[in-house]
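Step one of this worksheet: look at the structure below.
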Amino acid sequence: MEPIKTERVAASPLALPELPIRPARLEDVGSIHRLLKHYSDRDILLPRPEGDIFHSLREFKVVEWNGKIIACCALQIFTRDLGEVRSLAVAPEHAGLGFGRRLVGVIEQEARQIGLSKLMALTYEVRFFSKSGFEVVEMNVLPEKVWGACINCHKFRNCDEIAVLKTLSP
Ligand SMILES: CC(C)(COP(=O)(O)OP(=O)(O)OC[C@H]1O[C@@H](n2cnc3c(N)ncnc32)[C@H](O)[C@@H]1OP(=O)(O)O)[C@@H](O)C(=O)NCCC(=O)NCCS
């Protein structure tokens, strides 16, 4: 007998990595905020207020499953050349399934399409980023970032995040 097809097919761990990455919508803001807060409460990501997510919503790509955002990432433009991979988070129960790598790939593709030539991130996850072709750089290689945004960060005087950079081929 044919197996009964139900929505549970999509819940299988094997099917999860196939979930599409899509632009964020207004109704995702609360779910994105909760996901980011999970990590900012643990000092792994910088806190991002809900209002900031609303303002920057068009920068976000998300993965949705069962009405919940399980992974997200944003591309922020800094200068004519430089963009930042920001607010990258994968829900812990869905880590290790390739969502992080796919999100960075989509952000990279978008960065190329709009003409950026460099992409950076500030992170504790250097090994993850190096697997996507990023290299560790000194923070002072990124003056736009340091002086433009970091100056407002509570970690500015003793930042322990590591800067990684990727030069994008056209
Ligand atoms: C870092 C993070 C985004 C990775 O997402 P993920 O979906 O679990 O990662 P992927 O499954 O796409 O992994 C891609 C590769 O990186 C490796 N990787 C992922 N996390 C790693 C880690 N912490 N240390 C070493 N390697 C790691 C994977 O093993 C995989 O390697 P492989 O190709 O050899 O199998 C996720 O763990 C996360 O949300 N962390 C907390 C928030 C954070 O630190 N965000 C980055 C801030 S810029």
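Rule-based calculations on the coordinates, nothing more; no lab input. As the structure is a prediction and not an experimental result, all values here were calculated from the model. Here the Cβ positions follow ideal geometry from the backbone for every residue, glycine too, while neighbour counts run over all protein chains shown.
So how far, in whole Å, is the C-alpha centre of the stretch 64-140 from the one of the stretch 17-46?
Spelled out, the Cα-based centre of one part sits 13 Å from the other.
Check which residues have an amide H placed less than 5 Å from residue 83's amide H, if you skip close sequence neighbours.
For residue 83, the qualifying residues are 78, 118, 119, 120.
Between residue 25 and residue 78, how many nm apart are label points set 7 Å from Cα along the C-beta direction?
Label-label distance for residue 25 and residue 78, simple model: 3.3 nm.
Based on the Cβ-Cβ distance of residue 154 and residue 18, what FRET efficiency does E = 1/(1 + (r/R0)^6) give at R0 = 41 Å, to the nearest 0.05?
Using R0 = 41 Å, I get an efficiency of 0.60.
At what distance in nm do the modelled label points of residue 65 and residue 162 sit from each other, each positioned 7 Å from its Cα along Cα→Cβ?
The answer from the label model is 2.7 nm.
Going by how many other Cβ atoms sit within 10 Å of their own, how do 99, 54 line up, fewest first?
Values: 99 24, 54 12.
Least crowded to most crowded, the residues run 54, 99.
Can you bin the stretch 20-69 into rounded, prolate or oblate? Criterion: square roots of the alpha carbon gyration tensor eigenvalues sorted a ≥ b ≥ c, rounded for a/c under 1.5, prolate for a/b above b/c, oblate for the rest.
On the way: a/c = 1.97, a/b = 1.35, b/c = 1.46.
Because a/c hits 1.5 or more and a/b fails to exceed b/c, the stretch 20-69 counts as oblate.
Arrange 33, 38 by Cβ neighbour counts within 10 Å, fewest through most, would you? Don't skip to the end; give the middle numbers.
On the way: 33 21, 38 14.
Ordered by Cβ neighbours within 10 Å, fewest first: 38, 33.
By count of other Cβ within 10 Å, fewest leading, how are 48, 127 ordered?
127, 48
Can you give the Rg to Rh ratio of the stretch 8-167, both from alpha-carbon atoms, with Rh computed by the Kirkwood formula?
Values: Rg = 15.3 Å, Rh = 16.1 Å.
Result for the stretch 8-167 is an Rg/Rh of 0.95.
So which of 68/131; 37/61; 131/155 end up more than 23 Å apart, counting from Cα to Cα? List each step's numbers first, then the result.
Numbers: 68/131 27 Å; 37/61 17 Å; 131/155 26 Å.
As for pairs spanning more than 23 Å Cα to Cα, those are 68/131; 131/155.
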